[in-house]
Amino acid sequence: MFYENLLYFDIETVGQYKDLYSLKENDEKGYELFIKKFKNNPWMAERHEDVNSAYLEYSPIFSSFGKIVCISFGYFHNKNDQGYTVMSIYGDDEEKIVKEFNNLLYKVGQKNMLLSGYRITSFDIPWVLHKLHKYDITPSKLIDIYGLKPWEMRFLDLADEWKQKFKYYNTFDEVCYELGVESPKDDIDGSMVHSTYWYQNDLDRIKTYCEKDVYSSMLVGKKILSHKL
């Protein structure tokens, strides 16, 4: 089945620093760039009168101001009783995380598998690519999308498959709800990852959430792609 030929993955990101004041203290250039971004984007000011609260929300979204703390991945197989594996690469060292994941992608690419996940085209893949280039790591062809035509890309975004010709995206929670798949957001969600990392120092909780996200993506993939050979 087609859904079995996919490596499903998800990343969790946090701000590079716990708050705006720490950013200013440790990275003056980064601080100046974030202040400039805040002033030049009215939609940020509409949501946040306080620039520090804007940093707490948006630094985990923009790769320039954030870092990856966990990449979870999973795939279907017949090597164990449960029929799948979900694992994570996580920690405080972003360079190590993306390097290990990129090494995994080299191996996965040799098996002619494709990458998959929910909204990976607009978030997860660009983030990983940005960080690989930051650390001068040559990206695996499986994830290196620069200069490729749409039919040359080796990934399948479940959000695009579900959306098809419709105008609006559904949230992942909504898709899980409609398909009868258990939502991964039963403990924390993406908006809580920054505080869970910086203020609760709980990487294991983030890893668990990320792995649940991957497993739910796998079940969604199985539901909507099981008819494809």
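The values are calculated or read from the model by the stated rules, or taken from the named source; none is laboratory data. Everything numeric here is computed off the predicted structure, so don't read it as measured data. Backbone-built Cβ (ideal geometry, glycine too); neighbour counts: all protein chains shown. SASA here: full protein model, heavy atoms, side chains in, ligands and nucleic acids out. Shrake-Rupley method; radii C 1.70, N 1.55, O 1.52, S 1.80 Å.
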Rounded accessible area per residue of the range 81-142, 1.4 Å, Å²:
52 Å²
If a helix is a whole DSSP H run, which ones in the chain reach 20 Å or further along their own axis (Cα) and hold a mean Kyte-Doolittle hydropathy of at least -0.5?
203-225
Computed E for residue 103/residue 49 - FRET, C-beta separation, R0 41 angstrom, nearest 0.05
0.40
What is the distance in Å between the Cα centroid of the range 199-229 and that of the range 82-144?
15 Å
Points 7 angstrom from Cα along the Cβ direction at residue 179 and residue 112: gap in nanometres?
2.5 nm
Restrict the search to the range 124-178; then list the trypsin sites (Lys or Arg not before Pro) that DSSP places in a loop and that have at most 11 other Cβ atoms within 10 Å of their Cβ.
165, 167
For the chain, give the percent of accessible area contributed by carbon and sulfur heavy atoms, probe 1.4 Å, rounded to a whole number.
49 percent
Here the percent of antiparallel bridges among DSSP beta bridges lying wholly in the chain, to the nearest 5, is 70 percent
Before rounding to the nearest 500, sum -39500 (n - 2.57) across all DSSP H runs of length at least 4 in the chain and divide by the residue total; then give [θ] at 222 nm in deg cm²/dmol.
-13500 deg cm²/dmol
Anisotropy class of the range 87-229 from Cα gyration tensor, a/c 1.5 cut
oblate
In the range 71-165, what % of DSSP beta bridges are antiparallel (nearest 5)?
65 percent
If ligands, DNA and RNA are left out, what is the accessible area of residue 172 with a 1.4 Å probe, given in Å² to the nearest 10?
20 Å²
Under-5 Å amide H pairs with residue 7, H placed in peptide plane, nonlocal only:
114, 115, 116
